[in-house]
Amino acid sequence: MNNVNVYENNASAPEKTRIAIIDDHRLFREGVKRILDMEDQFSVVAEGDDGSEAESIVRDHNPDVVLMDINMPNINGVEATRRLVEKSPDTKVIILSIHDDETYVSHAVQTGASGYLLKEMDADSLIEAVRVVADGGAYLHPKITYNLLNEFRRLSTTNKTQQNKAGFVEVEYRKPLHILTRRECEVLQLLADGRSNRTIGEELYISEKTVKNHVSNILQKMNVNDRTQAVVEAIKNGWVKVR
């Protein structure tokens, strides 16, 4: 049974980011839609409750971003994303999941998802993810980023141990003051610690809007597309402490 809900009356402003939500939990969908509807630049144009509806929703309503549940009864979100990306490569997909295991994340990204959010997300993370992905970037839930970075650190530590045994000198931690301000260095370190914009603001006693401005400046100066790339590059260059 097709349970697609359509909101074409919201699509009158072409400059808005058009969003479709596909999730088999109606109450969760309603909560997500309520958050997105509070943002002037977003327009939820359709809903669905199974991955089998994804292609028809995209064909009929042309969303810029699809929020896709990973676990659905007929076609799961990963398979639906794979099919969708093949037929509609301009449509960006953000996976919604309860799983923070790297295997799920890796599989989702390999099939073409541009974002991965845990369902425990707060409203700020949801809004930020949609904005970043709609602008062509990639977004991982801060907890996911933290887990991936821990794995990266583990591998880096193993490599450094092997290099030290072979007589190589370990790279010294240094702040990238040649391209970033001191405040931006602090924000970059907290990004590497897996912090969200909200918690960074609380840590540094600055507004979330100011944090967002700092993050934008960091991405521009480091010539990367998203915060995950920024942190990976920072770790490679020894610009953040591994802690």
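Considering each residue of region 69-125, count those that are outside any helix (DSSP H, G or I) and surrounded by fewer than 19 Cβ atoms within 10 Å (Cβ to Cβ), and give that number. I'd like the intermediate steps shown before the answer.
As a first pass, look at region 69-125 and keep what is outside any helix (DSSP H, G or I): 69-76, 88-101, 111-122.
Restricting the remaining residues to those that are surrounded by fewer than 19 Cβ atoms within 10 Å (Cβ to Cβ) gives 71, 73-76, 88-90, 98-101, 112, 118-120, 122.
Matching residues across region 69-125 total 17.
Quick check on my filter: what residues within region 225-241 are within 19 Å of Leu177 (Cβ to Cβ) and either in contact with a Cys (Cβ under 8 Å, 6 or more places away or on another chain) or outside any helix (DSSP H, G or I) (or both)?
Asn237, Gly238, Trp239, Val240, Lys241
Got a number for residues in region 34-56 being without any contact (Cβ under 8 Å) to a residue 24 or more places away in the chain and surrounded by 18 or more Cβ atoms within 10 Å (Cβ to Cβ)?
Number of matching residues: 0.
Return the pairs, sorted by first residue and then second, in which the second residue is assigned to a loop (DSSP other than H, G, I, E, B) and among the polar types (S, T, N, Q), the first residue lies in region 132-146 and is more than 13 Å from Val93 (Cβ to Cβ), the beta carbons are less than 8 Å apart, and the residues are 6+ apart or on different chains.
Hits for this filter: Gly136/Asn225; Gly137/Ser114; Gly137/Asn225; Pro142/Ser196.
I need the full set of residues from region 15-27 which are under 19 Å from the mean Cα position of the chain (by Cα) and among the hydrophobic types (A, V, I, L, M, F, W, C), in order please. Outline the logic, then answer.
Kept after step one, since they are under 19 Å from the mean Cα position of the chain (by Cα), are these residues of region 15-27: 17-23.
Hits for region 15-27 are Ile19, Ala20, Ile21, Ile22.
So which residues in region 201-224 are assigned to a loop (DSSP other than H, G, I, E, B) and either buried (at least 20 other Cβ atoms within 10 Å of the Cβ) or under 17 Å from the mean Cα position of the chain (by Cα) (or both)?
So in region 201-224, the residues assigned to a loop (DSSP other than H, G, I, E, B) come out as 205-207, 223-224.
Answer for region 201-224, where residues must be assigned to a loop (DSSP other than H, G, I, E, B) and either buried (at least 20 other Cβ atoms within 10 Å of the Cβ) or under 17 Å from the mean Cα position of the chain (by Cα) (or both): just Val224.
For region 73-97, which residues satisfy the criterion of being of a type in the set (Ser, Thr, Tyr) and either free of Cβ contacts under 8 Å to residues at least 24 places away in the same chain or over 13 Å from Asp23 (Cβ atoms) (or both)? First the steps, then the outcome.
First, pick out the residues of region 73-97 that are of a type in the set (Ser, Thr, Tyr): 81, 88, 91, 97.
Correct list: Thr81, Ser88, Thr91.
With the structure loaded, tell me whether Val133 is open to solvent by less than 10 Å² (accessible area, probe 1.4 Å) and closer than 27 Å to Asn197 by Cα or whether it fails that test.
When the stated conditions are applied, Val133 passes them.
Do we have any residue at all in region 225-232 that's surrounded by 15 or more Cβ atoms within 10 Å (Cβ to Cβ), at pLDDT 90 or above and either under 18 Å from Pro142 (Cα atoms) or in the same structural domain as Val132 (by the TED database) (or both)? Break it down into steps so the answer makes sense when it comes.
Within region 225-232, the subset surrounded by 15 or more Cβ atoms within 10 Å (Cβ to Cβ) is 226-232.
Narrowing the set further to residues that are at pLDDT 90 or above leaves none.
No, region 225-232 contains no residue that is surrounded by 15 or more Cβ atoms within 10 Å (Cβ to Cβ), at pLDDT 90 or above and either under 18 Å from Pro142 (Cα atoms) or in the same structural domain as Val132 (by the TED database) (or both).
Starting from region 59-72, take each residue that is over 19 Å from Phe42 (Cβ atoms) and list its partners that are in a loop (DSSP other than H, G, I, E, B) and open to solvent by 20 Å² or more (accessible area, probe 1.4 Å), counting only C-beta distances under 6 angstrom and pairs at least six apart or across chains.
Here the result reads Met72/Asp24, each pair linking region 59-72 to a residue that is in a loop (DSSP other than H, G, I, E, B) and open to solvent by 20 Å² or more (accessible area, probe 1.4 Å).
Looking at the structure I just gave you, is Ile35 under 20 Å from Tyr116 (Cα atoms), assigned by the TED database to the domain that holds Glu128 and in a loop (DSSP other than H, G, I, E, B)?
On the way: under 20 Å from Tyr116 (Cα atoms): yes; assigned by the TED database to the domain that holds Glu128: yes; in a loop (DSSP other than H, G, I, E, B): no.
So Ile35 does not fit the description; no.
Check region 187-199 and report whether any residue there is more than 21 Å from Asp124 (Cβ to Cβ), in a helix (DSSP H, G or I), at pLDDT 85 or above and not assigned by the TED database to the domain that holds Val133. Quick ask: steps written out before the conclusion?
At the first step, the residues of region 187-199 found to be more than 21 Å from Asp124 (Cβ to Cβ) are none.
Looking for residues that are more than 21 Å from Asp124 (Cβ to Cβ), in a helix (DSSP H, G or I), at pLDDT 85 or above and not assigned by the TED database to the domain that holds Val133, one finds none in region 187-199, hence no.
The values are calculated or read from the model by the stated rules, or taken from the named source; none is laboratory data. What you are looking at is a predicted structure, and each value in this text was computed from that prediction instead of being measured. So basically every Cβ, Gly included, is an ideal-geometry build from the backbone, and we count neighbours across all protein chains shown. Side chains included, ligands, DNA and RNA excluded: accessible areas come from the protein's heavy atoms. Shrake-Rupley method; radii C 1.70, N 1.55, O 1.52, S 1.80 Å.
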